[in-house]
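The values are calculated or read from the model by the stated rules, or taken from the named source; none is laboratory data. Keep in mind that this is a model prediction, so the values were computed, not measured. For neighbour counting, all protein chains shown are included, and Cβ atoms are generated from backbone atoms with ideal geometry for every residue, glycine included. The accessibility values were calculated without ligands, DNA or RNA, using every heavy atom of the protein model including side chains. Shrake-Rupley method; radii C 1.70, N 1.55, O 1.52, S 1.80 Å.
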Amino acid sequence: MALTALRWREDRLELLDQRLLPAQSRWLTCHSADDVAGAIRDMAVRGAPAIGISAAYGVVLAARALGAAATAATLTPALDTLAASRPTAVNLFWALARMQRIAATQQGATLIQALTNEALAIHDEDRRMNHRLAAFGLPLLPEGGRIYTHCNTGALATGGHGTALGVLRSAWTAGRIRGVIAGETRPWMQGSRLTSWELMQEGVPVTLVTDNSAGHLMQRGEVQAVIVGADRITANGDTANKIGTYGLAVLARHHGIPFYVAAPLSTIDPALPDGSSIVIEERDASEVRQIQGTPIAPAEVPVQNPAFDVTPAALITAIITEHGVIHAPDTANMAAYLANIEGR
Ligand code: MRU
C-alpha cells in the first residue's frame with residue numbers, strides 16, 4: 001500500500017502523526033477545523049502541500065458543523081483559525097483561498113457538498129501533479145549520481161509520491177541515480193525520521209548524514225546534485241524552504257554542483273516580488289533546547305529557532321513544477337513561464 005499522510009473519512013480527517021514516526025505509526029483524528037489547525041501548528045502534519053490539503057478538509061469540517069447555517073460569513077472564523085496555524089508555506093493560503101471562492105457562491109447543504117468536492121480535488125490534483133513534476137525533474141539529475149536532499153518532501157509532505165523526493169523516487173526506479181543522501185534536518189529531524197524511512201520502505205539506497213556533513217561530502221566529490229522542496233517561491237524565484245536550505249545552496253554553488261527546487265505551482269506566490277517579504281516562522285525555543293523532552297542545552301539559554309530560510313534565485317539552477325522547468329529563475333523567466341500556463 002502506498003504511504004499516505006492523510007485520510008478523509010467524510011465526517012473526519014485522519015492524519016498519520018508525523019511527530020511519532022518512525023517509531024510509531026499512529027493516526028490522529030481531527031473532528032473540527034480547530035483540531036486541524038492544532039495538528040498543523042504542532043507538526044502532526046507538515047510539508048507545504050500536505051498542510052494545504054489538510055486545511056481544505058478543515059474548512060469542510062467547519063461547514064459540516066455549521067450545517068444549514070454554513071455560509072461564507074459563518075465560515076470566516078474557521079478560515080481565520082486555519083490561516084493562523086503556520087505562516088510560511090503559501091500552499092495553506094492558496095488552498096484556503098480556493099475554499100473561500102467556493103463558499104462565496106452557495107450555502108447550507110449544497111455548500112458543504114461543494115466544499116467537500118473542492119477539498120477532494122485539491123488532494124487528488126496534488127497527487128497527480130507530483131508524478132508530472134517527477135517526470136520533468138528526472139532527466140535533470142546527473143546519471144549515476146548521488147543526490148543530496150534536505151527535510152522531507154515525500155508522500156508524507158504531499159498528497160502522495162512527493163516533490164523533490166518524488167523526483168528522486170522516480171529517478172531511482174528509472175535507473176538514473178545511484179542513491180540519495182538525506183540530511184538529518186535539525187531540529188525536527190524530518191530527514192532522519194521521515195525521508196530515510198520513506199526511501200528505505202521503497203528500497204531506494206539512502207545514506208543519512210548530519211546536516212553539518214554536507215560541505216565535507218561536496219568537497220570530496222560525493223554529491224552530484226542537490227534537490228529540495230519549497231514552501232514559498234516569490235515572483236523572482238527566491239525560495240523559502242526548511243532552515244538549512246540556503247547553506248546547502250551556497251555550498252553547492254561553491255562546488256559547482258547543480259541545485260534544484262521541486263514544487264507544485266501552488267507554491268509559487270507571484271504577489272511577493274522577492275524573498276525579503278516572506279514571513280519566516282520562528283518556532284519555540286524548546287525545540288532546540290530539548291530532543292524529545294530530553295534537555296540538550298541549559299534550560300534558560302537564549303535560542304533563535306527560524307523554521308525556514310530563503311535561498312536567492314541566483315543560487316538555484318532550475319525550479320521544477322508540474323508544468324515544466326524554469327531554468328536560471330529570475331523575474332523575467334518566472335513571468336514568462338507563468339504567462340504560458342493556461343488558467344493562471
Ligand atoms: O516544517 P516542515 O516540515 O513543514 O517543512 C517542510 C519543508 O520545508 C519542505 O521542504 C516543503 O514544505 C516542501 S514539502 C513537499
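What does the charge dipole of region 106-179 about its Cα centre add up to, to the nearest 20 debye, if the Cβ of each Lys and Arg holds +1 and the Cβ of each Asp and Glu holds -1? Kindly include the intermediate steps, with their values, before the conclusion.
Numbers: 7 positive and 5 negative charges, 82 e Å.
The dipole magnitude comes to about 400 debye.
Taking every C-alpha pair closer than 8 Å and separated by at least 6 residues, the mean separation divided by the residue count of region 186-343 gives a relative contact order of 25 percent.
Here the 3J(HN,Hα) profile of region 141-154, calculated from phi with Karplus coefficients 6.51, -1.76 and 1.60 at θ = phi - 60°, is 6, x, 4, x, x, 9, 10, 8, 10, 10, 6, 10, 10, x Hz, Gly and Pro shown as x. Compute the Cα gyration tensor for region 54-128, then decide on rounded, prolate or oblate, letting a ≥ b ≥ c be the square roots of its eigenvalues: rounded whenever a/c is under 1.5, prolate when a/b is larger than b/c in the other cases, and oblate in all that remain. Because a/c hits 1.5 or more and a/b fails to exceed b/c, region 54-128 counts as oblate. In the chain, the DSSP-assigned H stretches of four residues or longer account for a calculated mean residue ellipticity at 222 nm of -11500 deg cm²/dmol, using -39500 (n - 2.57) per stretch and the full residue count as denominator.
How do 11, 17 rank by accessible surface area computed with a 1.4 Å probe, from largest to smallest?
Numbers: 11 75, 17 10 Å².
Ranked list, largest accessible area first: 11, 17.
Probing with 1.4 Å while keeping every protein chain in the model, the per residue accessible area of region 107-261 equals 35 Å².
Exposure check, 1.4 Å probe, all protein chains in place: residue 291 carries approximately 80 Å² of accessible surface.
Atom-type composition of the exposed protein surface of region 12-156 places 55 percent of the accessible area on carbon and sulfur (1.4 angstrom probe). Spread over its residues, the convex hull of the C-alpha atoms of the chain is 132 Å³ per residue. Across region 263-343, the mean sequence separation of Cα contacts (distance under 8 Å, 6 or more residues apart), normalised by length, yields a relative contact order of 27 percent.
So what is the relative contact order of region 141-264, in percent, for Cα pairs below 8 Å that sit 6 or more residues apart? Please list the in-between numbers first.
Details: 234 pairs, mean separation 34.8, N = 124.
Relative contact order for region 141-264 comes out at 28 percent.
Between region 119-144 and region 183-245, what is the separation of their alpha carbon centroids in Å? About 18 Å separates the Cα centre of region 119-144 from the one of region 183-245.
On a 1.4 Å probe surface of the protein chains, which of 217, 208, 20 comes out largest in accessible area, and what is the full order? Intermediate values should be presented prior to the final figure.
On the way: 217 20, 208 85, 20 50 Å².
Largest accessible area first, the residues go 208, 20, 217.
Exposed loop sites are taken as GluC sites (Glu not before Pro) in a DSSP loop (any state but H, G, I, E or B) with at most 13 other beta carbon atoms within 10 Å; the longest stretch of the chain without one runs 144-299.
The trypsin sites (Lys or Arg not before Pro) found in region 165-228 that occupy coil by DSSP, while having at most 10 further C-beta atoms within 10 Å, are 220.
Between 164, 299, 285, the Gaussian network model of the chain with springs among Cα atoms under 10 angstrom shows the greatest mean-square fluctuation at 299. Dipole magnitude for region 44-154: about 100 debye, using +1 per Lys or Arg Cβ and -1 per Asp or Glu Cβ, origin at the Cα centre. For the set 277, 170, the ranking by accessible area, highest first and with no ligand, DNA or RNA atoms included, is 277, 170 under a 1.4 Å probe.
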